[in-house]
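Worksheet: one structure, shown below.
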Amino acid sequence: MSRQDPLSPPVNDAGPGEPDDEIMLEVNVRLRLDEVADLEAELLRISARREPTEKELRQLARKIYESRRMRDGIMDTKLFGEPAWDMLLALYYLPASGNMLTVSGLCFCAGVPQTTAHRWQSTLFAQGLIERGPHGTDRRMQFVRLTKRGRELLERYLARLFHCGKFASPSVRSS
C-alpha cells in the first residue's frame, strides 16, 4: 500500500461509533508511511553533497602535491612526469599560505630542469591558465599566479576529487 492509494473502508461489522480493527490498522500504516517518508527526506537532506570550501580544496591540492613529491623520493622520477600539473597544484595552494611564486620558484615546484619548466610555463600561459606580473621590488623577477579561468578549472576538478572516497580521506575533510 502506498500513501497515494485511496482508503477503501471495509464493511464495518462493529457497532455504531466503534472503529473497525482493519480501518485502524490501515490508518496506522498510512501514518507510519508518512513518518518513514519524512525521515527519508531528512536523511537525504543531511547527506546531500555539499560544495567543499576553498580551504578544503587547497588542502586536497596540497595533499596531492605532497604525495607526488613523496612518490618522486621513492621511485625514479623519470617514470612519471606532469610538470604542468605540479605547477598548477602549487599555484593553487601555496599563495594562500603566503608563498608567492616567481618564475624560478615555479620551476623548482615542478621538480624538472629549468628549461623544461619554462617550456611548460609558456604552454600554461598560452592556454590562459597562468599569468605573470611584476615582483614589485625586484624588476628582474616576476610573480606567477593562476588566471581566473585556471583557478575555476582547477577548483572544478578538485571538487570532484573531494567527493571521491579514495582521494578525500576524513582528515582532509575535517581539517
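Looking only at residues in segment 82-108 that are under 22 Å from GLU54 (Cβ atoms) and not in a helix (DSSP H, G or I), the one that is nearest to the chain's Cα centre (by Cα) is LEU94. Note on segment 109-145: among residues that are touching a residue at least 12 places away in the same chain (Cβ under 8 Å), polar (S, T, N, Q) and part of a helix (DSSP H, G or I), the one that is farthest from SER67 (Cα to Cα) is THR123. Looking across segment 140-175, the residues that are of a type in the set (D, E, K, R) and modelled with pLDDT of 50 or more come down to ARG140, ARG145, LYS148, ARG149, ARG151, GLU152, GLU155, ARG156, ARG160. Looking across segment 107-127, the residues that are buried (at least 17 other Cβ atoms within 10 Å of the Cβ) and of a type in the set (A, V, I, L, M) come down to ALA110, VAL112, ALA117, LEU124.
Scan segment 95-105 and give yes if some residue there is in contact with a helix residue (DSSP H, G or I) (Cβ under 8 Å, 6 or more places away or on another chain), in the same structural domain as SER67 (by TED's automatic domain parsing) and within 16 Å of LEU57 (Cβ to Cβ), otherwise no. Yes, that holds for at least one residue. Listed by first and then second residue, the pairs with beta-carbon distance under 6 Å, at least 6 apart or on different chains, first residue in segment 36-59 and at pLDDT 75 or above, second in a helix (DSSP H, G or I), are PRO52/ALA159; PRO52/PHE162; LEU57/GLU155; LEU57/LEU158; ARG58/TYR93; ARG58/ALA96; GLN59/VAL172. When each of LEU89, LEU79 is tested for being surrounded by 12 or more Cβ atoms within 10 Å (Cβ to Cβ) and of a type in the set (A, V, I, L, M), the lone residue that passes is LEU89.
The values are calculated or read from the model by the stated rules, or taken from the named source; none is laboratory data. The model shown is predicted, which means the values in this text are computed figures rather than measured ones. Virtual Cβ from ideal backbone geometry, glycine too; neighbours counted across all protein chains shown.
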